[in-house]
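Data first, discussion second: the structure below is written as structure tokens.
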Amino acid sequence: MTARHQMFLNTVHEINTSGSGVAMTRLTAQMDFADDIDVLNYALTLEHLEAAFYELASSYELGEDPFGNSINDYVAMIGQHETAHVDTLTQVITDLGGEPVARAEYDFGVTDSQSFLMTAATLEGVGVAAYDGAGAAIQNPDLLTAAGSIVAVEARHAAYLNVVIGMSPFPSAVETPMSKTEVLDAAGPFIVSQ
Amino acid sequence: MTTRDKMLNALLTSTMNRRRLLANAGIAGGSIATMGAFGTAVAQSMDSTPMAMEEVPFASPVDVLNYALTLEHLEAAFYRDGLASIGAAGITGLGFQQSVFDSLSDIGAHEMAHVETLTQVITQLGGEPVAEAMYDFGYTDAAGFLQVAQALEDTGVSAYQGAAQYLIDEDELLTAALTIHGVEARHAAYLGLLNATSPFPEAVNPTLTPAEVLDIATPFIVQ
């Protein structure tokens, strides 16, 4: 496990155990974003990161999950979903007259199949927490519904990857939202250039 | 065949048939549904008229929460009673490890926690929380239990998604609902695995309107 990878995991752990959670997120969500396009670009930033990450998957032999399925097959499907999210968000931001953020360059610090799966599980967990934290900032009901239909899939991914790494697929009765600052702090170390 | 039997048959089916059920309820493929939602949003953003509110199915935030509570009661009772009658032996009898029974028990505990939280919040808001009803889920064995469980969880995820927009002016309640929605999606994914179907069948999760959800859930409610 590389230093960058460890730093990411530590940051996420601190956020998830610090109790900064729901109350602060609720208070700041509206202030964190100028408008719906801003929220969508925030989501797109994370979807770009995830889509790029899963391009690494084919380099690793990931084995079978506890139910006998090929992990590589399901991870490839997850990658396709993230790419679909990127395409959809890019299109919608453009249609709304906004400028979609571009894909950056990333270094995920993945060195083997284990660190790949650990990072995947963490990225999906952060994705869910990010959408949940930003949901209250969305003003247009239809965009809120659409964002909901994406975050549900991120949560499904997160559950599967937790199963794969031997953790509970649903560690808590409720998700822990993260603020924009928390998410960008967590994701920042992976982004080497914009 | 009674209506209830028809609904049970529809729910006790594979993913492919489940999709057909959703299609019958007016839901196209998930991607189409979401693109439709995005498309509508785009159209509305270019239209100066305010959001049309003529079809709002809830009179108040309490109504939205009671809608969620109705579903959580259904789920909580399903796991509480079902796991008690099937027991760990019923689950391991399907070839699963004991840990699968434990995870199903965790899901049951989550649903119970959702019931308690929603009941408390509705009461705090001055509303009257709906009570648990009597249900008949129609399964006859452990395998049937797992299939109904998946149908209930998938419906739950889609229900929260469809109702979230009615909390758009209630930031705290909306965020709380979203944090439950994500956990329902995790449950649904896990049950997909147990039923040997994809834990994430589509890039976007289908959304159900309250009317569609009540059509699906009502046949389970005996009283």
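Every read-out reported here was derived from the displayed coordinates using simple, explicitly stated rules and does not represent laboratory data. As the structure is a computational prediction, the values presented were derived from the model and not from experiment. Ideal geometry is used to build each Cβ from the backbone, glycine not excepted, and the neighbour counts take in all protein chains shown.
For a test of the definition: using alpha carbon positions, the gyration tensor, and the 1.5 limit on a/c, classify the range B:109-211 as rounded, prolate or oblate. Could you put the intermediate results ahead of the total?
Working: a/c = 2.24, a/b = 1.40, b/c = 1.60.
It comes out oblate by the Cα gyration axes.
For the range B:78-89, putting each phi into the Karplus relation 6.51 cos²θ - 1.76 cosθ + 1.60 with θ = phi - 60° gives couplings of 4, 6, 4, 6, x, 5, 5, 7, 7, x, 4, 5 Hz, in residue order, rounded to whole numbers and with x for Gly and Pro. Shown is the FRET efficiency for B:Ile221 and A:Gln91, computed with R0 = 51 Å from the Cβ-Cβ distance and rounded to the nearest 0.05: 0.80.
Can you compute the FRET efficiency between A:Met167 and A:Asp38 using 1/(1 + (r/R0)^6), with r the Cβ-Cβ distance and R0 = 35 Å? Round to the nearest 0.05.
Numbers: r = 33 Å, r/R0 = 0.94.
The pair A:Met167/A:Asp38 has a calculated efficiency of 0.60.
Give a quick list of GluC sites (Glu not before Pro) in the range A:55-141 that DSSP marks as loop, anything other than H, G, I, E or B, with at most 15 other Cβ atoms within 10 Å. Could the numbers behind the result be given before it?
Values: sites: A:Glu55, A:Glu61, A:Glu64, A:Glu82, A:Glu105, A:Glu124; in loops: A:Glu55, A:Glu61.
Counting only loop positions with at most 15 other Cβ atoms within 10 Å, the GluC sites (Glu not before Pro) in the range A:55-141 are A:Glu55, A:Glu61.
Peptide A:176-186 has a mean shielding of 1, counted as Cβ atoms of other protein chains within 10 Å of each residue's Cβ. Using a simple spin-label model with pseudo-atoms 7 Å out from Cα toward Cβ, A:Ser113 and B:Asp102 lie 2.4 nm apart.
Shielding by partners for peptide A:128-134, expressed as the average number of C-beta atoms from other protein chains within 10 Å of each residue's C-beta, is 4.
Can you give the FRET efficiency to the nearest 0.05 for B:Ala131 and B:Ser60, using r as the Cβ-Cβ distance and R₀ = 30 Å? Show your work: numbers first, answer last.
Values: r = 19 Å, r/R0 = 0.62.
Approximately 0.95, to the nearest 0.05.
Under the shape rule built on the C-alpha gyration tensor, where the axes satisfy a ≥ b ≥ c, the range A:61-118 is oblate, since a/c reaches at least 1.5 while a/b does not exceed b/c.
One Cα centroid belongs to the range A:160-194, the other to the range B:90-121; the line between them spans 23 Å.
Can you tell me how the range B:166-223 classifies by the Cα gyration tensor, rounded, prolate or oblate, using a/c under 1.5 as the rounded cut? Because a/c hits 1.5 or more and a/b fails to exceed b/c, the range B:166-223 counts as oblate.
Report the residues of the range A:111-145 in range of a label on A:Ser59: point 7 Å along Cα→C-beta, backbone N strictly under 20 Å from it. Answer for the range A:111-145: A:111-124.
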